[in-house]
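K.L.:
Can you keep this structure in mind? I'll have questions shortly.
The values are calculated or read from the model by the stated rules, or taken from the named source; none is laboratory data. All values reported here derive from a predicted model rather than from experimental measurement. Cβ: placed from backbone, ideal geometry, glycine included. Neighbour counts: every protein chain shown. Areas reflect the complete protein model, heavy atoms only, side chains present, ligands, DNA and RNA absent. Shrake-Rupley method; radii C 1.70, N 1.55, O 1.52, S 1.80 Å.
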Amino acid sequence: MEIPTKLVVFFSVLLFFMHSSSISAHVVGHEVEFEYKKGSVKGPEQWGNLKKEWEACNNGRLQSPIDLTSQGVKITPELGLLNKSYNPCSATLKNRGHDISLFWDGNAGSILVNGVVYNLQQIHWHSPTEHTVNGKRFDLELHMVHQTPDNKIAVVGQLYQIGQPDPFVAQLSVGISGMIDQMQEKKMGVMNPADIKFGGTEYYRYIGSLTVPPCTEGVIWTLNKEIGTVSKEQVDLLRKAVYDYAEFNARPTQALNNREISLYSINSKI
């Protein structure tokens, strides 16, 4: 039996709007939380006013990101090389609306900071970079989030500029492209965090916060001094996959408030 053309058109339109409404609902669900647009009622300047548990975003004295300036940085050789030990482990790629994240589902390894073991939980990206160097903002920033059983947090960060493709992002490109305009997650199989390469042996260390609400303070930040490279196509892919309000998902730099920035340098120079 031949289905009337008008009926086919009707159901096609109906399915289109049902799909669009579903996506819009997800978008709205994330937009009401917080945004990155300066001057918006949900923008970075207002995060601390949106929820009581987010007050640190406005009132905190140890907020991140910051500008990593060469002035006032203290050479601290006793920090030593970053002690990290990672394992291949099953991972899930997630589009959280405000960023693309990769969560490990088991023991993916850890870092050792000040004698404390912090277990790797997830990684995510911000574009452009949230941290700046002498006022300069780069193209992409990776955060590797580690946590102890009692919820202490340590983040390892890497800044990138446009250049050669990043091999680790390349491993995820097919999964990320499948998330454009959708809120979903995808099992990626076994992923090895040791494949995330950090050039050089110098890094900055300071005490800060999470860079998204609730802006929890007391986070130990370790940022590689050497700038990595990522292709423009990879940056564009990460931007397209998140929702429009987070295409540029970098929080503005925060006041240093007399905090000390340490630098481990194998050459003992800035």
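K.L.:
Hey, can you tell me all the residues within the range 30-53 that are surrounded by fewer than 17 Cβ atoms within 10 Å (Cβ to Cβ), touching a residue at least 40 places away in the same chain (Cβ under 8 Å) and assigned to a helix (DSSP H, G or I)?
P.N.:
Correct list: Glu53 only.
K.L.:
Can you pull out the strands (runs of 3 or more DSSP E) entirely within the range 54-109 that have at least 3 residues that are on the phi < 0 side of the Ramachandran plot and either modelled with pLDDT of 95 or more or open to solvent by 60 Å² or more (accessible area, probe 1.4 Å) (or both)? Before the answer, list the steps.
P.N.:
Numbers: elements: 73-75, 83-86, 89-95, 100-104.
Here the list reads 83-86, 89-95, 100-104.
K.L.:
Please work out if Gln122 is assigned to a loop (DSSP other than H, G, I, E, B), buried (at least 16 other Cβ atoms within 10 Å of the Cβ) and not small (Gly, Ala, Ser).
P.N.:
no
K.L.:
Listed residues Val117, Val145; which is free of Cβ contacts under 8 Å to residues at least 40 places away in the same chain, under 12 Å from the mean Cα position of the chain (by Cα) and surrounded by fewer than 21 Cβ atoms within 10 Å (Cβ to Cβ)?
P.N.:
On the way: Val117 fails: under 12 Å from the mean Cα position of the chain (by Cα).
The match here is Val145.
K.L.:
Considering each residue of the range 155-209, count those that are over 20 Å from Ile227 (Cα atoms) and either open to solvent by less than 10 Å² (accessible area, probe 1.4 Å) or touching a residue at least 40 places away in the same chain (Cβ under 8 Å) (or both), and give that number.
P.N.:
Total meeting the criteria: 22.
K.L.:
Also, I was wondering about something else. Looking at the range 214-227, is at least one residue among the β-branched types (Val, Ile, Thr) and open to solvent by 50 Å² or more (accessible area, probe 1.4 Å)? Can you show your working first?
P.N.:
In the first step, residues of the range 214-227 are kept if they are among the β-branched types (Val, Ile, Thr); the result is 216, 219-220, 222, 227.
Checking the rest, the ones that are also open to solvent by 50 Å² or more (accessible area, probe 1.4 Å) come to 216.
The answer is yes, given that some residue of the range 214-227 is among the β-branched types (Val, Ile, Thr) and open to solvent by 50 Å² or more (accessible area, probe 1.4 Å).
K.L.:
Related question: Looking at the range 125-144, which of its residues are farther than 17 Å from Tyr204 by Cβ and assigned to a strand (DSSP E or B)?
P.N.:
Going through the range 125-144, the residues farther than 17 Å from Tyr204 by Cβ turn out to be 125, 127-128, 139-140.
Answer for the range 125-144, where residues must be farther than 17 Å from Tyr204 by Cβ and assigned to a strand (DSSP E or B): Trp125, Leu140.
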